[in-house]
Each structure stands twice: as C-alpha cells, then as structure tokens.
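Okay, so here's the structure we're looking at.
The values are calculated or read from the model by the stated rules, or taken from the named source; none is laboratory data. All values derive from a computational prediction rather than experimental measurement. Here the Cβ is made from the backbone with ideal geometry for all residues, glycine too, and neighbour counts use every protein chain on show. SASA here: full protein model, heavy atoms, side chains in, ligands and nucleic acids out. Shrake-Rupley method; radii C 1.70, N 1.55, O 1.52, S 1.80 Å.
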Amino acid sequence: METIPSEIFLEICSQLYVKDLYTLTLVCRSYRKVLWSKTISIQKIWTCSRVLSFDTYLPYPTLPPPKSMSEQEYVWFTMLADKCSICKTKIEKQELFVCRYWEFGRICCKECIEKKTINVPFVTIFLNTRKVQNSLPKDLLECMPYHERHVFNLGDERLYWADDLQSIQSKYYAFENEQQRDNWVKEKREEVKEFMNEAFKYKWQDQYKYFFPYAFMV
Ligand SMILES: [Zn+2]
C-alpha cells in the first residue's frame with residue numbers, strides 16, 4: 001500500500017466485489033486495518049461493493065445495515081459468512097437462511113442453537129403469572145431478544161441466548177430496590193422492542209430472498 005496513493009487504493013476498492021474486497025483484507029495487516037475501519041469513507045466503500053455484488057434479478061441485501069452492525073459486519077453476516085459462529089462447521093448455502101439468527105447476530109448450526117439457547121414454551125409466557133419455567137421472572141425475559149419458532153407436537157416457543165440470560169440475570173438481581181429495577185426493566189424492554197422490530201425487517205428481507213424464486217415454480 002506504501003507504493004499506491006491512498007485515494008487510488010480506495011478507488012480500486014470501491015470497484016471490487018465483496019468477496020475480492022474481503023480477500024484484500026487478508027493480504028496484509030495494513031490493508032486489514034484500513035478496510036475494517038468504521039470511518040464513513042470506508043463504510044461507503046463496502047456499501048458500493050455490496051451494491052456492485054447484487055444479483056441482477058434478486059438483489060440482496062438491499063436494506064442498509066442495522067443499528068447494531070457496521071457495513072463490514074453486515075456484508076460479512078449476509079453475503080460472506082458460511083460457517084456456524086460457534087463450532088465453525090460449514091453450512092450449505094440453501095441452509096444459511098434458517099441458520100442466520102438476526103435476533104442473536106449469529107449464524108448457528110442446528111446443534112449449536114440447541115446447546116446455546118434456553119427454550120421457553122410460548123404458552124407459559126402468556127400465563128397470568130409473574131414467573132415462567134425455571135422460576136424466571138417474566139419481566140426479565142422481556143429484557144432480552146428472542147427467536148420464535150414452532151416445534152412439531154410441542155407448539156410455539158421462544159429461544160433466548162443462554163449467555164445473555166446469565167448476564168442480564170446478574171444485572172436484574174443486583175439492584176438495591178425494586179423501583180430502580182423496574183425503571184431499568186422499562187428502559188430495557190423498550191430497547192428490546194425496538195431491536196426486535198428492526199430484526200423483523202431483516203428476517204423479512206431474508207425470507208423474500210429465499211422464497212421469491214419459488215413463486216415462479218408453482
Ligand atoms: Zn455449530
């Protein structure tokens with residue numbers, strides 16, 4: 001990079017497909033440092049690259065990155081990552097759609113999602129009690145993102161990331177009085193609501209990309 005003026009280097013980068021741009025980040029430390037930066041100019045380069053890499057008939061992902069991700073993280077999560085983020089097992093392209101958990105910001109294989117989450121049956125969440133299974137306070141669960149799914153013969157359930165549950169539990173029980181905790185829960189609940197609404201848009205984007213081609217097959 002020392003021999004290429006930086007503006008030329010960046011101009012070249014903005015003309016590359018995401019796979020090539022990513023490969024460039026692996027070439028040397030200085031390329032990596034520049035291309036993983038969160039500055040607006042570098043974010044724009046990745047946006048250009050993402051748009052350039054769009055499939056003509058079914059461009060994806062067309063939404064801008066979610067609040068919780070940089071453009072690079074977004075490109076990685078939607079266009080490049082093909083392994084389980086926990087066990088690193090390769091996931092087939094057609095399976096990625098069901099393994100991309102926007103609620104947890106992770107790609108997980110079927111085994112790891114079972115190991116790393118706790119499941120709470122839908123019905124227990126809506127019972128008129130203050131606590132759900134495992135004596136978890138219901139308002140504590142409202143402070144965490146969740147993935148909803150239907151299990152054959154068992155009904156609907158919500159999955160919560162187990163490590164998040166641990167950290168949020170320790171915070172929940174650390175308050176000195178109930179008023180403080182209630183205020184925190186209120187804030188957190190709003191935060192999660194906003195996050196889940198956003199995640200829903202990205203899940204919808206994935207579903208559209210996945211199911212749209214099938215519309216022409218029937
Ligand atoms: Zn895995």
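The equivalent ellipsoid of the range 1-76 has semi-axes of 21, 14, 10 Å, largest first, where each one is the square root of 5 times an eigenvalue of the Cα gyration tensor.
Taking a ≥ b ≥ c as the square roots of the eigenvalues of the alpha carbon gyration tensor, the range 65-127 is oblate, as a/c is not under 1.5 and a/b does not beat b/c. Here's the picture: charge each Lys and Arg Cβ at +1 and each Asp and Glu Cβ at -1 in the chain, and of 42, 15, 79 the one pushed furthest to the positive end of that dipole is 79.
Between 147, 213, 109, the Cα set farthest toward the positive side of the dipole of the chain (charges on each charged residue's Cβ, about the Cα centre) is that of 109.
Computed over the Cα atoms of the chain, what is the convex hull's projected area averaged over all directions, in nm²?
16.0
Placing +1 on the Cβ of every Lys and Arg and -1 on the Cβ of every Asp and Glu, with nothing else charged, gives the range 1-76 a dipole about its Cα centre of roughly 280 debye.
Based on C-alpha pairs under 8 angstrom that are at least 6 apart in sequence, the chain has a relative contact order of 15 percent. Take the Cα of residue 196, go 7 Å toward its beta carbon, and the backbone nitrogen atoms of the range 150-168 under 20 Å from that spot belong to 150-151, 155-168. The charge dipole of the chain, taken about the Cα centre with unit charges on the Cβ atoms of Lys, Arg (+1) and Asp, Glu (-1), comes to about 300 debye, rounded to the nearest 20. Other residues within the sphere of radius under 12 Å centred on the Cβ of residue 38, judged by their own Cβ, net out at 0 (K and R +1, D and E -1). Filter 44/115; 186/209; 44/110; 116/186; 115/188 down to the pairs with a C-alpha to C-alpha distance above 31 Å, please. 44/115; 186/209; 44/110, as the Cα separations exceed 31 Å there. Here the range 111-198 is assigned +1 on the Cβ of each Lys and Arg and -1 on the Cβ of each Asp and Glu. Its dipole about the Cα centre then comes out at about 260 debye. Near residue 67, once Lys and Arg are set to +1 and Asp and Glu to -1 for all other residues with Cβ below 15 Å from its Cβ, the sum equals -4. Per residue, the accessible area of the chain comes to 64 Å² when a 1.4 Å probe rolls over the protein heavy atoms. Peptides 78-91, 106-119 ordered by packing proxy, namely the average of other Cβ atoms within 10 Å per residue, highest first: 106-119, 78-91.
Taking 25 Å as R0, compute the FRET efficiency from the Cβ-Cβ separation of residue 70 and residue 33 and round it to 0.05.
It comes out at approximately 0.95.
Taking 0.36 nm per residue of separation and subtracting the current Cα-Cα distance, fully stretching the chain between residue 183 and residue 163 would add 4.9 nm.
Backbone geometry of the range 76-89 corresponds, through the Karplus equation with coefficients 6.51, -1.76 and 1.60 at θ = phi - 60°, to 3J(HN,Hα) couplings of 4, 5, 9, 10, 10, 5, 9, 10, 5, 5, 9, 9, 6, 5 Hz, x marking Gly and Pro. Take residue 88, project a point 7 Å from its Cα along the Cβ direction, then tell me which residues of the range 110-124 have their backbone nitrogen under 18 Å from it. Counting only backbone N, you get 110-113. Under the criterion of Cα pairs below 8 Å and six or more residues apart, the relative contact order for the range 1-76 equals 30 percent.
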